[in-house]
């Protein structure tokens, strides 16, 4: 919600770009995370880090924009904003005041598959934050005026994040065309027309249905132990009555008939063309889990930094592009996505650029990747795993997002071993399937008058 | 290898105890015999080392016809050095998970290195080589040039970037701060390999260097590394790192016409410098008015009460030669006039009455209570240690900082708000198609045409 800048509604888009990095950090024995369950079905995770007496207190709800009903696009994110309005115990303005006067920094963000709220704060203030967050899980109050004013705020947020940025509009159109009826084709922040129609009842319906112990995960990272946290959690979150109506997230895994999906957008504001492609790919929940590890390796080889295949071919050797990267988003309740993003060099036409990209993909399909490339990518993916423990705030973020989309702590722990086990055959098979048969869409953004 | 002229004793040390908890950050000063100083927060809880440095003098020193030279140099130092070409250099960084970056700022040039302990030799060797023997081969030079040109083109699409560039151009006419710091297509094209090759010798010296280090490294090891990385530098150079002092020019209202549904608004007036005795008081005042995120007056008036914007904020910007205060808001074209009026009105109320006692109390509680959040990663600890030295705050600053904040009285802050806040001296830059807001400067002036800045 509330963020002025980085974190928020369209976090999924940024998250996608950082997916490989997050995966690198996902090793439970490196995080040293511990977990336990409360009687009402809520999971609690502790990631100790005692360097500085602060904690990152995060509550993750296993619900996001992809759980919305058709016609109600944006309600998950709108509710996230409204969650700061108050409860009988913490009425208007008090949530902001309480956290600030305790020296805390707070915010929240919404993605396709999760919604999270957090406070980074001195560890001796943790109990108060837990009381607050447990209270607003079930006791939100909203006036019609709150809803009306906040809807205007969300519309301004949309104007800032999407309408002011031609590249964001293009991505939104590409997703809509590619995913068709899958809810990943609907932007997290929602369509303007549907946001305008969202009301107080919509917000409460969504809130009552999803904000409950069983669909929540508490993640606390920092200067605290599981032994200290358990009684605090039992005295706050543990007092909330279980809500049985929340069970599981039934998601469509329907894929549209493959078609040549292409979105070409010209905009007078554009000075620099962009080219991007999104493939619908296996995720940790759909398709073979093994394939997700192979695709992480593929993403590293193709687009992981300046020594990658695409960068070396397009940016260095041919000088046809100014940048070239790949990402793989395996964290999803439904399908994942594999993306390529390339910026042409000044004066280079997008047709020539796309031909050069296709030629590189053809080399992968026909010649495959070498065993050396695969081994090196595996080494690189694992090399930075120690950094995962450095910052409690980023550790809480990484572990929370993985758990919220359905991974277990054990699976997170297995990550280095699973990557180490990936073979060149698996990477080549995954690459072949992706580039020859996965549904995909290409987006091109051009200045007016360009071709 | 470099000589290891080491000094043994660490004379100064300070233990910063956070919030009465057992956890603490110990900071000590580490000096080499040949005059390099670093602040070190040694911590062996995780085998990671973060190293930050800064040379005074940044993009404001770039020649007019080579604007963007600092940006381009920063982009090229990690693109090959010594016997390693770009590919070999970058491969080593990636294989060993070493994070190395350089950055050109307005008044400084900074760098950072993060490595796991097992690769510490290679990491420091690569950074030392990047600073002392960069190659500037033709391929990476032309590649980084293309990337800067593309980034300039993207900036020309971005309303915030246009607003910022226009603001600087207007409030700092005829001064280096008024120029686009990353250059223009023409100046980027004009930069030669020779310009880049002489960059280090013209800008880098020990007399303008600050170093901050956090993590698993001993003072003795750090002295060796400091010599390895910076030992080749001259003690001093002739280049004056400061640009001439200037004042913020009042320019009224400037509208840059862009066909966008939401206008981006920047407002600015003169501020105060980091070493001003009233700095902390102004910091507290700024928090209350607009720096305090959701807790600020402007956020309450503009967003919470009226729904005019997603974000509104203010900040103190302590540029060395012309400090200023900045406010920004993004709002639909129909609401620009109202948003500016609300901000100016709050500015005026602040000038005439200052904050309330309760607001002051709340600000102190946040600013002091959130101080430990500055130290949540090795990198942020290292860069904070650099900032402390650059502003000459002393080794015990981590301990004393909250005392400065707590000692501020309501009388202090009202004295400062009365003299500092000048609602009628707020220059306003609007990028968009605001309804009912007109430029007060002549059409045809730079920044008023439709191509933006």
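Read-outs: derived from the displayed coordinates by stated rules, not from any lab. Worth saying up front: this structure is predicted, and the values here are computed from it rather than measured. As a convention, Cβ positions derive from the backbone with ideal geometry for all residues, glycine included, and neighbour counts pool all protein chains shown.
Answer rounded, prolate or oblate for the stretch B:13-230, using the Cα gyration tensor with square roots of eigenvalues a ≥ b ≥ c: rounded when a/c is under 1.5, else prolate when a/b is larger than b/c, else oblate. Write out the running numbers ahead of the final one.
On the way: a/c = 2.00, a/b = 1.50, b/c = 1.33.
Prolate is the answer for the stretch B:13-230, as a/c is 1.5 or above and a/b outweighs b/c.
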Give, to the nearest whole percent, the P(r) tail of the stretch A:11-239 beyond 23 angstrom, counting all Cα pairs.
51 percent
Per-residue average of other protein chain Cβ atoms inside 10 Å, peptide B:361-373 -> 5
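Which of rounded, prolate or oblate describes the stretch A:121-272 when judged by the alpha-carbon gyration tensor and an a/c cut-off of 1.5? Walk me through the intermediate numbers first.
Working: a/c = 2.01, a/b = 1.86, b/c = 1.08.
Cα axes put the stretch A:121-272 in the prolate bin.
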Sticking with the crude label model, points 7 Å out along Cα→Cβ, report the distance from residue B:422 to residue B:440 in nm, one decimal please.
1.2 nm
How many nm separate the modelled label positions at residue B:348 and residue A:408, each set 7 Å beyond the Cα in the direction of the Cβ?
6.6 nm
At 37 °C in a medium of viscosity 0.692 mPa s, chain B has a Stokes-Einstein diffusion coefficient, with Rh taken as the Kirkwood radius over alpha carbon pairs, in µm² per second, of 138 µm²/s
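Taking 56 Å as R0, compute the FRET efficiency from the Cβ-Cβ separation of residue B:240 and residue B:305 and round it to 0.05.
Working: r = 49 Å, r/R0 = 0.87.
About 0.70, to the nearest 0.05.
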Which value at 222 nm does the protein assembly as shown reach when only helices count, each DSSP H run of 4 or more adding -39,500 (n - 2.57), with the total divided by all residues and rounded to the nearest 500 deg cm²/dmol?
-11500 deg cm²/dmol
Return the FRET efficiency for the residue pair residue A:97, residue A:204: r is the Cβ-Cβ distance, R0 is 22 Å, and the value is rounded to the nearest 0.05.
0.35
Computed over chain B: longest principal axis from alpha-carbon atoms vs helix B:410-420 long axis, angle to nearest 10 degrees, is 80 degrees
Ranked on Cβ counts within 10 Å of their own Cβ, fewest leading, A:110, A:379 go A:379, A:110
Calculate, axis by axis, the spread of Cα positions in chain A along the three principal axes, and write the results as whole Å, longest axis first.
62, 46, 37
List, largest first, the extents of the alpha carbons of the protein assembly as shown along their principal axes, each in whole Å.
71, 69, 63
Estimated distance in nm for a label pair at residue A:255 and residue A:363, the labels positioned 7 Å out from Cα along Cα-to-Cβ:
2.7 nm
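Starting with the fewest neighbours, write out A:442, A:370 ranked by other beta-carbon atoms found within 10 Å of each beta-carbon.
The order, fewest Cβ neighbours first, is A:370, A:442.
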Helix A:350-367 against the longest principal axis of chain A: what's the angle in degrees, Cα atoms only, rounded to the nearest 10?
90 degrees
Looking at the square roots a ≥ b ≥ c of the eigenvalues of the Cα gyration tensor of the stretch B:341-414, which shape do they give, rounded for a/c under 1.5, prolate if a/b is larger than b/c, or oblate?
prolate
I'd like to compare A:147-156, B:402-411: which one has the highest average count of other Cβ atoms within 10 Å, and what's the full order after that?
A:147-156, B:402-411
From fewest to most C-beta neighbours within 10 Å, the residues A:271, B:146 line up as A:271, B:146
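Go ahead and run the numbers for FRET between residue B:137 and residue A:352, Cβ-Cβ distance against an R0 of 41 Å, rounding to 0.05.
0.95
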Taking the Cα atoms only, what angle lies between the long axis of helix A:144-158 and the longest principal axis of chain A, rounded to 10 degrees?
20 degrees
Ignore the peptide's own chain and count Cβ atoms of other chains within 10 Å of each Cβ in A:52-59; give me the average, rounded.
5
Just counting partner chain Cβ atoms within 10 Å, what average do the residues of peptide B:151-159 show around their Cβ?
5
